[in-house]
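The values are calculated or read from the model by the stated rules, or taken from the named source; none is laboratory data. Being a predicted model, the structure only gives us computed values, none of them experimental. In this analysis, Cβ positions are derived from the backbone assuming ideal geometry, glycine residues included, and neighbour counts consider all displayed protein chains.
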Amino acid sequence: MGGAAALLLAGVLLLTGTPAQATPAHQMIDNRGTGSALCWNRSGGGQTKGTTVIAYNCGDNNNNFEEVGVPNMCGGGVVTQICPFTVGSGLNSAWAGAEIISVEWGSSGLCVGGNSSTDNDAHLTDCPNDDGSCPVSNSCWSTIMVRVPSAYPGSGGRNYDVLINRNWSDWYVSHSSPQCNAWSCSLIASDTFGFQNPIVLQVGDAQVRADNPGGAAHFNQWSNP
């Protein structure tokens with residue numbers, strides 16, 4: 001093959017090769033700072049129910065997660081005095097007016113939750129319906145979360161929130177000793193164990209539980225630009 005033909009073939013290969021993957025449009029980014037932040041990630045690129053959701057380097061192709069409202073739940077998608085938490089726990093009054101969300105992988109119909117009622121590590125599972133119910137009985141454990149502003153704006157100019165898990169906070173109401181009440185019952189999503197470890201859905205941040213979400217640890221605050 002002549003030199004000109006070889007150059008032409010190289011040009012064609014460059015033009016027709018697999019394009020570089022762009023940074024996902026939506027990432028769940030923690031508040032460690034722009035140089036060391038971690039993001040929610042589908043472990044191993046898994047695309048099915050049961051895939052573990054871990055903390056990983058931001059910008060990875062498997063980081064496409066987006067906060068999605070639950071518009072027909074409680075007060076049109078926000079916490080009321082009687083919904084969505086256990087009535088009598090004080091949680092509804094504590095977080096009244098906050099937005100109710102789930103975290104969806106892209107537009108796949110799969111959301112972040114647990115594999116069962118006792119699973120506190122994040123996995124892909126069914127997304128809740130618009131009223132917060134599960135599409136199949138017991139298929140969307142721990143997918144309902146309440147978004148409460150924390151750092152506003154936070155590191156890198158982003159606004160951050162803490163994500164209070166409804167199922168695990170309700171569980172803590174009946175399992176705490178001494179008995180929790182209101183803010184002190186709140187358990188949240190966190191990457192407290194860091195890089196390549198599962199996002200945990202039931203961490204108790206001392207500042208959040210003292211009604212000071214702005215003081216939450218950096219690994220307990222999330223931005224979804």
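Descriptive notes on the structure:
- For the stretch 167-225, a tally of residues being more than 20 Å from Y152 (Cβ to Cβ), part of a helix (DSSP H, G or I) and not hydrophobic (A, V, I, L, M, F, W, C) returns 7.
Okay, residues lined up against (1) aromatic (F, W, Y); (2) surrounded by fewer than 18 Cβ atoms within 10 Å (Cβ to Cβ); (3) without any contact (Cβ under 8 Å) to a residue 24 or more places away in the chain; (4) farther than 26 Å from V87 by Cβ:
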position: G156; (1), (2), (3), (4): no, yes, no, yes
position: V162; (1), (2), (3), (4): no, no, no, no
position: R166; (1), (2), (3), (4): no, no, no, no
position: D170; (1), (2), (3), (4): no, no, no, no
position: P178; (1), (2), (3), (4): no, yes, yes, no
position: S186; (1), (2), (3), (4): no, no, no, no
position: Q196; (1), (2), (3), (4): no, yes, no, yes
position: D211; (1), (2), (3), (4): no, yes, no, no
position: N220; (1), (2), (3), (4): no, no, no, yes
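- The stretch 145-154 - residue that is assigned to a loop (DSSP other than H, G, I, E, B) and surrounded by fewer than 24 Cβ atoms within 10 Å (Cβ to Cβ) and, of those, modelled with the lowest pLDDT: G154
- Of all residues in the stretch 25-81, those satisfying the criterion of being crowded, with 23+ Cβ neighbours inside 10 Å and among the β-branched types (V, I, T) are I29, V53, I54, V70, V79.
- Members of the stretch 125-173 found to be touching a strand residue (DSSP E or B) at 6+ places or on another chain (Cβ under 6 Å) and among the basic types (K, R), listed by number: R147, R158
- Residue that is surrounded by the fewest Cβ atoms within 10 Å (Cβ to Cβ) [pool: residues in the stretch 109-138 that are over 20 Å from T86 (Cα atoms) and small (G, A, S)]: G109
- The stretch 66-82: number of residues that are assigned to a strand (DSSP E or B) and out of contact with any His (no Cβ under 6 Å at 6 or more places or on another chain): 6
- Among the residues making up the stretch 57-88, those that are in contact with a Cys (Cβ under 6 Å, 6 or more places away or on another chain), in contact (Cβ under 8 Å) with a residue 24 or more places away in the chain and within 23 Å of W168 (Cβ to Cβ) are C74, P84.
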